[in-house]
1. Could you say which residue among VAL66, VAL90, VAL47 is modelled with pLDDT of 95 or more and closer than 21 Å to ARG111 by Cα?
2. Restricting attention to segment 191-216, and to residues there that are under 27 Å from ASP112 (Cβ atoms) and among the hydrophobic types (A, V, I, L, M, F, W, C), which single residue is most open to solvent (accessible area, probe 1.4 Å)?
3. How many of the residues making up segment 162-184 are open to solvent by less than 60 Å² (accessible area, probe 1.4 Å) and either over 16 Å from CYS200 (Cβ atoms) or free of Cβ contacts under 8 Å to residues at least 40 places away in the same chain (or both)?
4. Please work out which residue is surrounded by the fewest Cβ atoms within 10 Å (Cβ to Cβ), limiting yourself to segment 52-111 and to residues that are touching a His at 6+ places or on another chain (Cβ under 7 Å) and of a type outside the set (A, V, I, L, M).
5. SER81: modelled with pLDDT of 95 or more, farther than 17 Å from ALA123 by Cβ, touching a helix residue (DSSP H, G or I) at 6+ places or on another chain (Cβ under 9 Å) and not in a loop (DSSP other than H, G, I, E, B), yes or no?
6. Could you look through segment 122-133, keep only residues that are of a type outside the set (S, T, N, Q) and open to solvent by less than 80 Å² (accessible area, probe 1.4 Å), and pick out the one that is farthest from ASP208 (Cα to Cα)?
7. Exactly one of (1) more than 23 Å from GLY58 (Cβ to Cβ); (2) of a type in the set (A, V, I, L, M); (3) open to solvent by less than 40 Å² (accessible area, probe 1.4 Å) is unmet by LEU188. Its number?
8. Taking the conditions exactly as written (over 17 Å from GLY51 (Cβ atoms), of a type in the set (Gly, Ala, Ser), buried (at least 21 other Cβ atoms within 10 Å of the Cβ) and free of Cβ contacts under 8 Å to residues at least 40 places away in the same chain), does ALA224 satisfy them or not?
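The values are calculated or read from the model by the stated rules, or taken from the named source; none is laboratory data. Source: prediction; values computed, not measured. Note that each Cβ is placed from the backbone with ideal geometry, even for glycine, and that neighbours are counted across all protein chains shown. In case anyone asks, the SASA skips ligands and DNA or RNA and just uses the protein heavy atoms, side chains included. Shrake-Rupley method; radii C 1.70, N 1.55, O 1.52, S 1.80 Å.
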Amino acid sequence: MKKTGTKTKWGILLFTVVASGFIAACALCIGALSVPVFAMPASLCVVLDAGHGGVDGGVTGRDTGVKESEINLAVTMEIKSAFERAGFEVVLTRKTSAGLYGAATKGYKKRDMLRRKEIIEEAKPAAVISVHQNFYPTRVTRGGQVFYRKESETGQRLAESIQERLNALYRGEGASPRRAASGNYYMLTCTDYPSVIVECGFLSNGADEALLVTEAFHKSLAQAVLEGFAGYLSAVSGA
C-alpha cells in the first residue's frame, strides 16, 4: 500500500469527504449541485475499474436487456465525480464503452485483464475499486455486495466499510443486508494494493434492475462508495 503521509493529511482528506457529501446533499435539496474546492497538501490516488467492456458485455438485465458493462461505466463515472469533488485523484482503467484488449481476437480477455493490472501498477493507488453488477439464477436475490481477497486485511476492511453503506442504501429499498465476502477474482489478486469488487446489485432481480438503470441510483451508489472509503481511511489512520 502506498504511504500517504501524516495523520493530519488523513484528517484533512476525511473532512473533505464528509464536507463534500454534506454540501452535495444540501445542493440537491435546492436543485443545484455545487462542487466544493478544498486546499489539500496532496491527493490520494484511487483506481476505479469499470468491469467488462467492448465485446464483453457481462451479464444482462432480465427485464430491460441492459448490458452490465454499460451500467458499470455509468456508475464508475459517478463515483469518479464524487471522489474528485472530495479531493481525491482518480485513475480509470476503462473510460469508454470499449474494452482494453485492442482487437477482439483470440486471447482478448487475458489482454484486457493484463492492461487493467498495468494501469493499477502505474498508478500506485491507495485502493482499487472494481465496479460490477451481479446475477443469480433465482429472481429473489437482491442487494449490493462487496468482495475482497481473503488474505488481505486492508482489502477486507475496505470491503466491510463499503458494504455497511450499501446495506444502508438498500435497506431504504426494502432489501435485506448482505455481508462482504472473500473471493479469488483476478481484480482482487493481480496486485498487492487493497482491492475490492463492488457488485452494485442484481440484474436478475426486477426491483434491483429498476434501480440500477437510473442515474439517481447511480449517484446514490457513488455516495455510498465514497462514504465507505472515508470510513476505511478513518479506520486505518486511527482518526
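1. On the way: VAL66 fails: closer than 21 Å to ARG111 by Cα; VAL90 fails: closer than 21 Å to ARG111 by Cα.
Only one candidate qualifies: VAL47.
2. VAL213
3. So the count comes out to 8.
4. Of all residues in segment 52-111, those touching a His at 6+ places or on another chain (Cβ under 7 Å) come to 58, 68-69, 72, 74-75, 78.
Of the ones still in play, those that are also of a type outside the set (A, V, I, L, M) are 58, 68-69, 72, 78.
Working: GLY58: 17, GLU68: 25, SER69: 25, ASN72: 24, GLU78: 21.
Only one residue fits best here, namely GLY58.
5. It is true that SER81 is modelled with pLDDT of 95 or more, farther than 17 Å from ALA123 by Cβ, touching a helix residue (DSSP H, G or I) at 6+ places or on another chain (Cβ under 9 Å) and not in a loop (DSSP other than H, G, I, E, B).
6. By that ranking, first place goes to ALA123.
7. (1)
8. In short, no.
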